[in-house]
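J.: The structure is given below, and queries will be raised subsequently.
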């Protein structure tokens, strides 16, 4: 395992040297073997790692090319400094092969480096590339090379290293994007309630209020329609009751008209001046007018004894007065029924027939008995109509709702 690690480190160092040679390095070129004829040139290895090129940094000299396969040997030499007995320059001596001739390139030349690092890079890099070129030449003659296990392992490790570096770069980019997203979310969380969201909430509240008002308006319209329908039904019922009351009054008047000539009004009116009732105002109700028209009975203590005919006339007048009072009560009752029907169901339900006076029942005759029977029938009919009105009002009147369910709570 230690040998593999050492080989891998050596491979990485060689690759670093080769990349440095591809980038280029300024070196001093000595072609004649003396220090007086030195040229500063930029040396560089081509991208295909097959050619060494250099060009003078000063002037407009042409670049020169030397195939690496033409180099025979590379060795390190020490060139002493002028006037000093210390350490000399870092230099390499490059010698071409005897069978190789390159135009404008001497057989031997020296490369003087400025530092030990440059010396190591050029020395080890050129030797490595020269070995590859030699092996390429040999393999061209011998056939395709057989890769060794170490080379295959190094290549696999290099590919793995490159892949891991790419993945590492991708992960770093993802982390940067996530950091940017987190920062943006934090800014948004600090300012959640912006102007746009506040405006949207206000508009939503207005829409809710409008919807609630529309529902209330629709419910009120429905209640108004039901009440109008109830009122129209009650008005029709009152109209029918009024018509029936008029018809009943007309029938009773028609029945009583042929019987009125039997009573002599002159005999009834011939009473004492003190017994004449006072004039009744026109604005009094019908019952009061009828009561005022009934003649008062003569006093027994002051009146003289009358003949039998006058007593019979007095009895007829009393009967006529009682019948007239009953008709007045009937008219008053019909007026109250009509007024109660216009005021609502409560007034109709509170209607009660007027109480009958015992003295009048004792003084009624056969005609008044018939009139009272007809009046009793009318009372029964009115009671039946009253129950019908109550049932109709209970059916048409909508039930009151204590709570308003608008279907859109504000909470």
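Coordinate-derived values only; no laboratory data. Being a predicted model, the structure only gives us computed values, none of them experimental. Methodologically, a virtual Cβ is constructed for each residue, glycine included, from the backbone with ideal geometry; neighbour enumeration extends over all protein chains shown.
J.: Most exposed first by the Cβ proxy, i.e. fewest other Cβ within 10 Å, how do 69, 368 rank? Let's see the in-between values first.
T.: Values: 69 17, 368 21.
Starting with the residue having the fewest Cβ neighbours, the order is 69, 368.
J.: Please report 227, 190 as a ranked list, fewest other C-beta atoms within 10 angstrom at the top and most at the bottom. It would help to have the intermediate numbers written out before the result.
T.: On the way: 227 13, 190 7.
So the residues, fewest neighbours to most, are 190, 227.
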